[in-house]
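What follows is one structure encoded as structure tokens, with my remarks underneath.
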Amino acid sequence: TRQEVRRDFGPPGRERKGTFRYCVLGRGKLIAAFESRADDARANAVMTTSAGFDLGGVRKGDSASKARSKLRGERLLARHNGTTVYGFTRGSRRLIFGIRKKRVTVLGTVDRKLSPSTVGRRAGPSG
């Protein structure tokens, strides 16, 4: 919930439109998007632009071909501001990765109920 994220991670570096953004040591961001602005709202998307995290052996900066070969079963979810977002399911989770200029730029997990266009907006480049 929003309240638990604030308690565990402290106040976000930036909070906007139901999204918390934290800077990650060593460069990158950790982003949590919530279903509403209520304190008990659950996160419906958690993404990172940090190379310190990996998804099935794929990290930010890896080539698109490496990501697509290691993360089989992906399907195109959205294109937004030059980022192409792919998603695939593992168990009950929808995992995503974004590609821009043939490189992985974002990794994360999103609620399976989110529309592809919402996922694209959340995962696309932002300030």
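Couple of notes before you dig in:
- In the full protein context, the chain carries 59 Å² of accessible surface per residue, based on a 1.4 Å probe and ignoring ligands, DNA and RNA.
- Loop trypsin sites (Lys or Arg not before Pro), the stretch 1-109, which have at most 14 other Cβ atoms in a 10 Å radius of their Cβ (DSSP): LYS17, ARG27, ARG37, ARG42, ARG72, LYS101, LYS102
- Taking label positions 7 Å along the Cα-Cβ direction at both LYS17 and LEU76, the computed distance is 2.4 nm, reported to one decimal.
- Gaussian network model of the chain, Cα within-10 Å springs - most flexible of SER117, SER36, SER92: SER92
- Note on LYS66: lysines with a C-alpha under 24 Å away, same-chain residues under 8 apart excluded, are LYS29, LYS101, LYS102.
- Charge tally in the Cβ shell below 11 Å around LYS60, where Lys, Arg are +1 and Asp, Glu are -1, LYS60 excluded: +3
- Percent accessible area from carbon and sulfur atoms, the chain, protein chains only, probe 1.4 Å: 47
- For the stretch 55-127: rounded, prolate or oblate by the Cα gyration tensor [a/c cutoff 1.5]: oblate
- GNM top mover of ALA64, ALA38, ALA51 - the chain, alpha-carbon springs below 10 Å: ALA38
- Relative contact order (%) - criterion: Cα under 8 Å, at least six apart; region: the stretch 24-96: 16
- Stretched out straight at 0.36 nm per residue, the stretch from ARG90 to ASP111 would grow longer than its current Cα-Cα span by 6.3 nm.
- For PHE53, the accessible surface of its heavy atoms amounts to roughly 90 Å² (probe 1.4 Å, protein chains only, rounded to the nearest 10).
- Residue among GLY87, GLY13, GLY61 with the largest mean-square fluctuation in a Gaussian network model of the chain, springs linking Cα atoms under 10 Å: GLY13
The values are calculated or read from the model by the stated rules, or taken from the named source; none is laboratory data. Since the structure is predicted, the reported quantities are computational estimates derived from the model, not experimental observations. Here the Cβ is made from the backbone with ideal geometry for all residues, glycine too, and neighbour counts use every protein chain on show. Calculation scope for accessible area: heavy atoms of the full protein, side chains included, ligands and nucleic acids excluded. Shrake-Rupley method; radii C 1.70, N 1.55, O 1.52, S 1.80 Å.
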